[in-house]
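Q: Encoded as structure tokens, here's the structure I'll be asking about.
The values are calculated or read from the model by the stated rules, or taken from the named source; none is laboratory data. Please read all numbers here as calculations on a predicted model, not as lab measurements. Counting neighbours? That spans all protein chains shown, and the Cβs are built from the backbone with ideal geometry, glycine included.
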Amino acid sequence: DAMVIQNPRYQVTQFGKPVTLSCSQTLNHNVMYWYQQKSSQAPKLLFHYYDKDFNNEADTPDNFQSRRPNTSFCFLDIRSPGLGDAAMYLCATSWDRGYEQYFGPGTRLTVT
Amino acid sequence: GESVGLHLPTLSVQEGDNSIINCAYSNSASDYFIWYKQESGKGPQFIIDIRSNMDKRQGQRVTVLLNKTVKHLSLQIAATQPGDSAVYFCAETPNQAGTALIFGKGTTLSVSS
């Protein structure tokens, strides 16, 4: 089945130690998104790629970066994780920006 | 800023009842709306969507109603089941180039047997 896959499902990192989260899709969608979701809150969009065009949200900290080497893969890099970055990170894809988004299962990040 | 919000943070119903989850949006230019269901520890799952040229759309056991006059969106779940227990988010796409979904705050639906 076509889907959005996130690895790992659970990630533990140390304060200040760089970490990379991975997302892949078999839907061949043009747009890939990264969201941060903290407990009992709505997903918060960090940035998205429309094909190779990177679109950063105005309030996304510089500590968060992203790479999309090809259509199928997108990475979230957190350069120096702080305790406040502990959250669920969700990847989503859509055919275009005005269309339904398909979400992956998420990666739960713990910062120690 | 403009945002999508929900009227109630929690809703408790009995199994078999009909549930109605409400959402108010403030951006009159929004033209696409989605309801997502999120179970604990999982990613949001698409339930149903509606475009601004429609007032109502039905799926399996779910109906979405859009009232553009008062900028109100609702999700109706018929014969609610324990498996429907989750957090429900409404989301909108403002009709602006390059803008992605904006999520509301979520309503937690609890279904008791």
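Q: Sort out which residues of the stretch A:65-103 are over 27 Å from B:Lys37 (Cα atoms) and either of a type in the set (A, V, I, L, M, F, W, C) or at pLDDT below 95 (or both), and write them in order of number.
A: Answer for the stretch A:65-103, where residues must be over 27 Å from B:Lys37 (Cα atoms) and either of a type in the set (A, V, I, L, M, F, W, C) or at pLDDT below 95 (or both): A:Ile78, A:Leu83.
Q: Next question. When you look at A:Phe54, is it assigned to a strand (DSSP E or B), within 12 Å of another protein chain (Cβ to nearest Cβ) and over 25 Å from B:Ile47 (Cα atoms), yes or no?
A: Yes; evaluated as a whole, the condition is true for this residue.
Q: A further question follows. Exactly one condition in (1) more than 14 Å from chain A (Cβ to nearest Cβ); (2) in contact (Cβ under 8 Å) with a residue 60 or more places away in the chain is not met by B:Arg61; state its number.
A: That leaves (2) as the condition not met.
Q: Under 7 Å between Cβ atoms, at least 6 apart or on separate chains: pull out the pairs that start in the stretch B:9-25 with a residue that is closer than 16 Å to B:Tyr36 by Cα and end on any residue that is modelled with pLDDT of 95 or more and in a loop (DSSP other than H, G, I, E, B).
A: Cβ pairs passing all conditions: B:Ser19/B:Thr80.
Q: Okay, next question. Step by step: first the residues of the stretch B:86-113, then only those that are of a type in the set (Ser, Thr, Tyr), touching a residue at least 40 places away in the same chain (Cβ under 8 Å) and surrounded by 15 or more Cβ atoms within 10 Å (Cβ to Cβ), then the one that is farthest from B:Asp49 (Cα to Cα). Which residue is that? Steps first, answer last, please.
A: We begin by selecting, within the stretch B:86-113, every residue of a type in the set (Ser, Thr, Tyr); these are B:88, B:93, B:99, B:107-108, B:110, B:112-113.
Restricting the remaining residues to those that are touching a residue at least 40 places away in the same chain (Cβ under 8 Å) gives B:88, B:93, B:107-108, B:110, B:112-113.
Filter once more, keeping what is surrounded by 15 or more Cβ atoms within 10 Å (Cβ to Cβ): B:88, B:93, B:107-108.
On the way: B:Tyr88: 13, B:Thr93: 11, B:Thr107: 17, B:Thr108: 19 Å.
Here the answer is B:Thr108.
Q: Which residues, counting only those in the stretch B:31-57, are facing chain A (nearest Cβ under 10 Å) and either outside any strand (DSSP E or B) or of a type in the set (Lys, Arg) (or both)?
A: B:Gly41, B:Lys42, B:Gly43, B:Pro44, B:Arg51
Q: Can you tell me how many residues in the stretch A:34-50 are farther than 15 Å from B:Ile102 by Cβ and either in a strand (DSSP E or B) or touching a residue at least 60 places away in the same chain (Cβ under 8 Å) (or both)?
A: 3
Q: Please find, among A:Ser94, A:Ser22, the residue that is within 14 Å of chain B (Cβ to nearest Cβ) and in contact with a Leu (Cβ under 9 Å, 6 or more places away or on another chain).
A: One residue alone meets the criteria, A:Ser94.
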